[in-house]
1. List pairs: first in segment 78-98 and assigned by TED's automatic domain parsing to the domain that holds Asn63, second β-branched (Val, Ile, Thr) and surrounded by fewer than 19 Cβ atoms within 10 Å (Cβ to Cβ), Cβ under 6 Å, 6+ apart or cross-chain?
2. Enumerate the helices (runs of 4 or more DSSP H) found wholly within segment 195-263, keeping only those where 2 or more residues are within 12 Å of ligand 1 (Cβ to nearest atom), more than 17 Å from the chain's Cα centre (by Cα) and among the hydroxyl-bearing types (Ser, Thr, Tyr).
3. State whether one or more residues within segment 387-396 are open to solvent by 50 Å² or more (accessible area, probe 1.4 Å) and either modelled with pLDDT of 95 or more or within 14 Å of ligand 1 (Cβ to nearest atom) (or both).
4. So Phe298 passes all but one of these: (1) closer than 30 Å to Val219 by Cβ; (2) open to solvent by 30 Å² or more (accessible area, probe 1.4 Å); (3) within 16 Å of ligand 2 (Cβ to nearest atom). Which condition number does it fail?
5. Go over the candidates Leu392, Leu343 one by one and state the one that is part of a helix (DSSP H, G or I) and in contact with a helix residue (DSSP H, G or I) (Cβ under 9 Å, 6 or more places away or on another chain).
6. Mind checking which residues of segment 223-253 are open to solvent by less than 60 Å² (accessible area, probe 1.4 Å), free of Cβ contacts under 8 Å to residues at least 40 places away in the same chain and farther than 18 Å from Pro275 by Cβ?
7. With respect to Val352, is the statement that it is surrounded by fewer than 19 Cβ atoms within 10 Å (Cβ to Cβ), away from ligand 2 (no atom under 16 Å from the Cβ) and not hydroxyl-bearing (Ser, Thr, Tyr) true?
8. So which residues in segment 355-388 are in a helix (DSSP H, G or I) and aromatic (Phe, Trp, Tyr)?
Amino acid sequence: MVNPHRVFIIDKIPVAKKGPVVYWMSREQRVHDNWALLFAANKANELLVPLYIVFTLAPNFCNANTRHYDFLIKGLQQVEKEVNALGASFHLLLGEPPSTLNSFVHEVEAALLVSDFDPLQVKQAWKAELSSSIKINHIEVDAHNIVPCRFVSQKVEFAAYTLRPKLKKLLPEFLTDFPQLPTLKVKLQKQSTNVIEALHWLSPNTEVKPINWLKPGFVEGSIMLEDFIANKLNGYSSKRNDPLANGQSNLSPYLHFGHLSAQRVAVNIVKADAPVIDKEAFLDELVVRRELSDNFCFYNNDYDNPNGFHNWAKISLAEHANDEREFTYLLTEFENANTHDDLWNAAQLEMVHTGKMHGYMRMYWAKKILEWTEDVSEAMEFAIYLNDKYSLDGRDPNGYAGIAWSIGGVHDRAWGKRPVFGKIRFMNYNGCKRKFDVEGYISRANDWVADKMISHKINEILQ
Ligand code: FAD
Ligand code: FO1
C-alpha cells in the first residue's frame, strides 16, 4: 500500500517493545495524503497497537519567527482535531528534539518510530542524534516527493534536464491517487492538548508580523489549490513570470509546511481541464524543479554556501572577486529596502509586507545581492538570512536551491563573462522593464509602505 521505495530503514532492533507506533510528524503537517501516516497507521493495525502522532516544536527553528510559527501552529490545530477523530492521539512536545522525543518514545515504550523524509541538515542531525541515543525501530518515509528522493537518483543531479527523464520514467509508478487511511483497530480516547498554547510557550521574535492574506492548514490549502485550478491554471505559462499578473498558485507556504501534498496537487492538476501548455509548465515547476531542490540539499552538504557551487562557478566568481563594485550595501540597508535601485527595494518590500516575493523577482533580488556585496559568501549569507526571516516559505530546500541558482549558477549553465558575475547568469533593470510593468510593481510596493505609515499614524492618534 505504501510503495517500498518510499521507505528507508534508519534503525532496526532485534526485539521490538509492545508499545504504540509513534509517527514523528515534522515536514508533512497533515493527516490527508500523507504516506508516512499511512505507513504508520498500517503498522499500528498490523501490530494491533495504538497510533501516537508527535510533533516536536523546536524554539527558534533556523531563525523562524512569529510569522512562521503562527502559520505552523494554526495548521497543527487542524491536525490535532483530525488525529483525535481517527482515534489516534496527538502530542505536541515542546523543545528541541531529539531529547524531547527520546524521553517520549522511552516512556510509551514505542514498538516503532516512523518519521518523514527531509533533506535539510537540521533534520538529518536530529535523526542521527536520536539514533545514537535510543534503541528503537525507526523507519523514514518520503511523503514529500512524488518520486522518492533517495530512489530517483543516488547523486547530486547537474540540472533539471538530467533529473527530468529519471522522474518522467517513474511518474507512472508513483504519481497515483492516495488510498484511504485505514480504520484504526486500536482506538484511543480523545485527548486534549491545547496546541494554540504553544505560541505563548514559544514567545517567538515578534518583529516580523504574521500575514493574514493566506490562512494556514489543509482546508485552506485545498481551497487555494482549487481556486488556482479554476481561475489561474489557464494562462499560467504566460502569466507566471509577470510579478503584477498574480499568476502564481501561492501554494508554496502550504507545501513548505506540509499542509498540502505535492502529489495531491499534481494529481488534481493532471485531471484539470486546462491547456496542456499550462499544465506542463506548472508540473515542471512543481515536480521537476521542486524535487531537484530536495536532490540538491540531500546530496550536497554545502547547499547553503559557495562550496556547494560547481567548479566552473567557483573559479569564475574567484576570478572576479576583486572587481570594482559600483554599489555595496550592509545587511541592514538591504533589509530596510534602502538601496539605489527602486525595483530591488520594491521586491524586498513585497517580501517583508506579504511574506512572499514573486518568483521572477526572487531571481533578480538574489542576483543583485551578489552584485552589491563584498564577496559571494556574504551574498549567500544575506540572501538566506533575509529569505528565511521574511518569506513564509523560507527554510526550504527550494530556497537554498533557488539562492544557489541565482548567486552560484547551481542547476544553470555558464554565461558570457561580466564584471563581478563572471559566468553567472546576469539580470538587470532593463531586462525586467522589457518583461513587465516595473513602474506598476514599484508603485504597488510604495503603497504598502504608505499604508503602513498611515496605520502607524492612526495607532498613534488612537493611543
Ligand atoms: P508557482 O509558480 O505557483 O509554483 C508552484 C510550486 O512549484 C511552488 O510552490 C514550488 O513548490 C514549485 N516551484 C515553482 N518554482 C520553483 C523553483 N524555481 N524551484 C523549486 N520549486 C519551484 N521556493 C520556496 O518554496 N521557498 C523559498 O524560500 C524559495 N526561495 C527562492 C529564492 C530564490 C532566490 C529563487 C530564485 C527561488 C526561490 N523559490 C523558493 C522557488 C520559487 O520561486 C517558489 O517556489 C515560488 O515562487 C513559490 O510560489 P508559488 O507556489 O506561488 O509558485
Ligand atoms: N519542523 C519541526 O519538526 N519542528 C519545528 O518546530 C519546526 C519549526 C519550523 C518553523 C519554521 C519553518 O519554516 C519550518 C519549521 N519546521 C519545523 C520545519 C518544516 O516543517 C519543514 O520540515 C522544513 O523547514 C522544510 O524542509
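The values are calculated or read from the model by the stated rules, or taken from the named source; none is laboratory data. Not measured: the values here are computed from a predicted model. Neighbour counts run over all protein chains shown; Cβ positions are idealised from the backbone, glycine included. What goes into the accessible areas is simple: the full protein's heavy atoms, side chains included, and nothing from ligands, DNA or RNA. Shrake-Rupley method; radii C 1.70, N 1.55, O 1.52, S 1.80 Å.
1. Leu92/Thr193; Leu93/Thr100
2. Filter on segment 195-263 gives 236-239.
3. no
4. (1)
5. Numbers: Leu392 fails: part of a helix (DSSP H, G or I).
Every option except Leu343 fails the conditions.
6. Met224, Leu251
7. So Val352 does not fit the description; no.
8. The answer is Tyr360, Tyr364, Trp365, Phe382, Tyr385.
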